[in-house]
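Colleague: Supplied in structure tokens, the structure appears directly below.
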Amino acid sequence: MKPLLVILTAITTAACFAEPIKMDIAQKKKLDTFFSNFSESHVAGFKQGALTEDAMLRFALSHLYINNLKSLKKTADGNSVIATTTQVDTATSRYFDRKIATHKKPSYTIPCASGETFTFSQIDTMEGTGNATFKATGTIYSTDSGATPDVHATPATWKKTGEEVTATGKFHALIKKLADRYVLIEYTPGEA
């Protein structure tokens, strides 16, 4: 019993003192882009193991519309676009390492819209938690529709260049590193 207690104490102590990971510029940019996918789609918070298929579908449709609009087929009236179940599954697999078990439709219609604010994220800290998982925190920013700030710049740089970018929130996340990418396991957005 005593050796087990010593091992558990050592594991708990090590977990409490996890060192922040120093990110190089390329890794930070990659993670900024990764987290921006969730903030621009306004993903609601979820705990590990509690991401619903409806939430994954909402993310996939928003993500496809924002980032892959040209790959979506227009409807006859031109007021909407159509996403296939394959496109949805590709998006959910890439970002959550999961697919929707049973699609309720053979395809999904997304109404065309414009005038949304431009939202993006930047990672602030990341620390390892073991088993290729990491805790991350970051800041969510927004600016007017049509604005084109450098999403990897600093608030000081935006101010200097006259860009009106506002910190609108913070996020906490748990991510897992797979061979060539990260996937989101837990996500908690909040106020700035």
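Colleague: Of the conditions (1) exposed (fewer than 13 other Cβ atoms within 10 Å of the Cβ); (2) touching a residue at least 40 places away in the same chain (Cβ under 8 Å), residue 76 clears all except one; give me its number.
Modeller: (2)
Colleague: If you don't mind, another one. Please go through region 116-173 and give me each residue that is of a type in the set (A, V, I, L, M), exposed (fewer than 14 other Cβ atoms within 10 Å of the Cβ) and outside any loop (DSSP other than H, G, I, E, B), ordered by number. So that I can check it myself, show each step before the final result.
Modeller: Here is the first cut: in region 116-173, the residues of a type in the set (A, V, I, L, M) are 123, 126, 132, 136, 140, 147, 151, 153, 156, 165, 167, 173.
Subset that is exposed (fewer than 14 other Cβ atoms within 10 Å of the Cβ): 132, 147, 156, 167.
Correct list: 156, 167.
Colleague: Report, by residue number, each residue of region 84-115 that is in a loop (DSSP other than H, G, I, E, B) and within 20 Å of residue 175 (Cα to Cα).
Modeller: So the first thing to find is which residues in region 84-115 are in a loop (DSSP other than H, G, I, E, B), and the list is 97-106, 112-115.
97, 98, 99, 100, listed by residue number.
Colleague: If you scan region 62-73, which residues turn out to be buried (at least 17 other Cβ atoms within 10 Å of the Cβ) and within 17 Å of residue 36 (Cβ to Cβ)?
Modeller: Looking only at region 62-73, we keep the residues that are buried (at least 17 other Cβ atoms within 10 Å of the Cβ), and these are 62-65, 72.
If the condition is that a residue be buried (at least 17 other Cβ atoms within 10 Å of the Cβ) and within 17 Å of residue 36 (Cβ to Cβ), then 62, 63, 64, 65 are the ones that fit.
Where a number appears in this text, it was derived from the coordinates with a stated rule and is not lab data. Here the structure is a predicted model, which means the values were calculated and not measured. Cβ sites come from the backbone with ideal geometry, for glycine too, and all protein chains shown count toward neighbours.
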